[in-house]
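The structure follows.
The values are calculated or read from the model by the stated rules, or taken from the named source; none is laboratory data. Because the structure is predicted, anything quoted here is derived from the model rather than measured. With ideal geometry, Cβ positions are generated from the backbone for all residues, glycine too; neighbour counts draw on all protein chains shown. Heavy atoms of the whole protein, side chains included, go into the accessibility calculation; ligands, DNA and RNA do not. Shrake-Rupley method; radii C 1.70, N 1.55, O 1.52, S 1.80 Å.
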Amino acid sequence: MNRPVVLLEPYPQDRRVIFDDAAWATLNERFEVIEGALDENLGRAFAVVGQPDLPRERLDRAPQLRAILNVEGNFFPNVDYPACFDRGIHVLGCGPAYAQPVAEYALGLALDLARGITREDRAFRAGRERYTIDGNADAILLRHSDVGFIGFGNLGRALLPLLRPFSPHVRVYDPWLPAAVLREADVEPAPLDEVLSRSRFVFVLATMTDENEHLLDGAHLDLLPQDARLVLVSRAAVADFAALYERVAAGRFLAAIDVWPTEPVAADDPARRLEGLVLSAHRAGGITAAFHLIGEMVLDDLTQIAGGLPPVRMQVAARQLVDRYRSRPVIKEG
């Protein structure tokens, strides 16, 4: 029996990172895998794994195409989604693979902001260490704190159980979800202004859309309580960075940032000189465990679809939402 043809175009990912030896072997047992040569093989393609440009003109040359599996992590505007929906082509994303790593990292950043861990490490190395109470003047506890989530998608759902042992009161702003869904998760649905003004810790977990660019502008950041802690791990464009820097410099609150408007961050970016920031170079999700999970998810869902079943591991592009995302690709150096 002929194996279904899978075209592999994973850039900026590396297939050797996504597929461990066992997953790669199984993928090649079940499918005819062709790396590169996309246009030459579209006519035979059962699936495309990766995020190449797939306008209608290309899709029209792929009459057997059943699935597009994005392994970068975002639904980009490089696919003719209406054509895919009309033809019943599954368009899938690997975002769920990053949820647990990002959630654990976000918790780590929050604890750092609460206790000044990296700040005091730098001071110690410079011979400026402060012992006991002297080094804890601004230390606070996460336990029993008011916590706000901006967004309750993959990241929020993964972070919530990690916070449960701290017994926080969690308020969530997510305009895409009914209040009942949030209450069923044992969190309090709340408008954005309330989430900001009543939270000691705020986690920014929202994806990027037309509606929320610079959602956290100066006026909204001013709602944060004095000495709040802000953790940004989803999309940089949700925050107005100039306003954020200004308020951190003024000592209004502390912040931890893992995503940036431009990456790599410029050598003269003000963030590098702000003591009230914890800086991270887009490291939250990109770990080996997440990449290997992507490979497993791809293999499982390709097998499901080839067997006439719906995909169950990856995120399905929603007709009503996919055109509203505005995420940008991660740029890799070298």
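Search the stretch 85-97 for residues that are touching a residue at least 24 places away in the same chain (Cβ under 8 Å) and part of a helix (DSSP H, G or I) and pair each with any residue that is open to solvent by 20 Å² or more (accessible area, probe 1.4 Å) and among the aromatic types (Phe, Trp, Tyr) when their beta-carbon atoms are under 8 Å apart and the residues are at least 6 apart or on different chains.
If the second residue must be open to solvent by 20 Å² or more (accessible area, probe 1.4 Å) and among the aromatic types (Phe, Trp, Tyr), the pairs left are Ala97/Phe291.
Another question about this same structure. Taking the criterion of being assigned to a loop (DSSP other than H, G, I, E, B), open to solvent by less than 50 Å² (accessible area, probe 1.4 Å), modelled with pLDDT under 95 and under 23 Å from Gly95 (Cβ atoms), would at least one residue in the stretch 184-204 satisfy it? Working first, answer last.
Step one: list which residues in the stretch 184-204 are assigned to a loop (DSSP other than H, G, I, E, B), which gives 185-187, 190-191, 198-200.
From what is left, the residues that are open to solvent by less than 50 Å² (accessible area, probe 1.4 Å) are 185, 187, 190, 199.
When the remaining residues are screened for being modelled with pLDDT under 95, the result is none.
No, the conditions are met nowhere in the stretch 184-204.
Looking at the stretch 119-137, is at least one residue touching a helix residue (DSSP H, G or I) at 6+ places or on another chain (Cβ under 7 Å) and crowded, with 19+ Cβ neighbours inside 10 Å?
No, every residue in the stretch 119-137 fails to be touching a helix residue (DSSP H, G or I) at 6+ places or on another chain (Cβ under 7 Å) and crowded, with 19+ Cβ neighbours inside 10 Å.
Could I ask something else about it? In this structure, does Leu163 turn out to be among the aliphatic types (A, V, I, L, M), part of a helix (DSSP H, G or I), over 15 Å from Leu254 (Cα atoms) and open to solvent by 10 Å² or more (accessible area, probe 1.4 Å)?
On the way: among the aliphatic types (A, V, I, L, M): yes; part of a helix (DSSP H, G or I): yes; over 15 Å from Leu254 (Cα atoms): yes; open to solvent by 10 Å² or more (accessible area, probe 1.4 Å): no.
So Leu163 fails the test.
Now for a separate question. Kindly indicate whether any position in the stretch 187-196 is free of Cβ contacts under 8 Å to residues at least 12 places away in the same chain and within 21 Å of the chain's Cα centre (by Cα).
Taking every residue of the stretch 187-196 in turn, none turns out to be free of Cβ contacts under 8 Å to residues at least 12 places away in the same chain and within 21 Å of the chain's Cα centre (by Cα).
Something else about it: Given the conditions (1) at pLDDT 95 or above; (2) over 15 Å from Thr118 (Cβ atoms), and given that Glu263 satisfies all but one, which numbered condition is not satisfied?
(1)
Taking the condition of being closer than 30 Å to Asp86 by Cα and modelled with pLDDT of 95 or more, how many residues in the stretch 284-334 meet it?
Step one: list which residues in the stretch 284-334 are closer than 30 Å to Asp86 by Cα, which gives 293-330.
Then keep just the ones that are modelled with pLDDT of 95 or more; that gives 293-314.
Of the residues in the stretch 284-334, 22 are closer than 30 Å to Asp86 by Cα and modelled with pLDDT of 95 or more.
A further question on this structure: What residue, among those in the stretch 56-73 that are assigned to a loop (DSSP other than H, G, I, E, B) and of a type in the set (Gly, Ala, Ser), is most open to solvent (accessible area, probe 1.4 Å)? Quick ask: steps written out before the conclusion?
Taking the stretch 56-73 as the starting set, the residues that turn out to be assigned to a loop (DSSP other than H, G, I, E, B) are 60-66, 71-73.
Retained after the next criterion (residues that are of a type in the set (Gly, Ala, Ser)): 62, 73.
Numbers: Ala62: 0, Gly73: 21 Å².
Here the residue is Gly73.
Let me ask you something else. Among the residues of the stretch 78-100, what is the count of those that are open to solvent by 20 Å² or more (accessible area, probe 1.4 Å) and within 19 Å of Gly153 (Cβ to Cβ)?
Final tally of qualifying residues: 3.
So which helices (runs of 4 or more DSSP H) stay within the stretch 1-55 end to end and still have 3 or more residues that are free of Cβ contacts under 8 Å to residues at least 24 places away in the same chain and open to solvent by 30 Å² or more (accessible area, probe 1.4 Å)? Quick ask: steps written out before the conclusion?
On the way: elements: 15-18, 21-30, 38-41.
The helices (runs of 4 or more DSSP H) meeting that bar are 21-30.
Find the residue count for the stretch 225-253, including only residues that are more than 20 Å from the chain's Cα centre (by Cα) and among the polar types (S, T, N, Q).
Total satisfying the criteria: 1.
Quick check on the stretch 63-80. Is at least one of its residues touching a Pro at 6+ places or on another chain (Cβ under 7 Å), over 26 Å from Arg283 (Cα atoms) and touching a residue at least 12 places away in the same chain (Cβ under 8 Å)?
yes
Follow-up question, since we're still on this one. Taking Pro175 as the residue in question, decide whether it is surrounded by fewer than 16 Cβ atoms within 10 Å (Cβ to Cβ) and part of a loop (DSSP other than H, G, I, E, B).
Values: surrounded by fewer than 16 Cβ atoms within 10 Å (Cβ to Cβ): yes; part of a loop (DSSP other than H, G, I, E, B): yes.
Judged against the criteria, Pro175 is a match.
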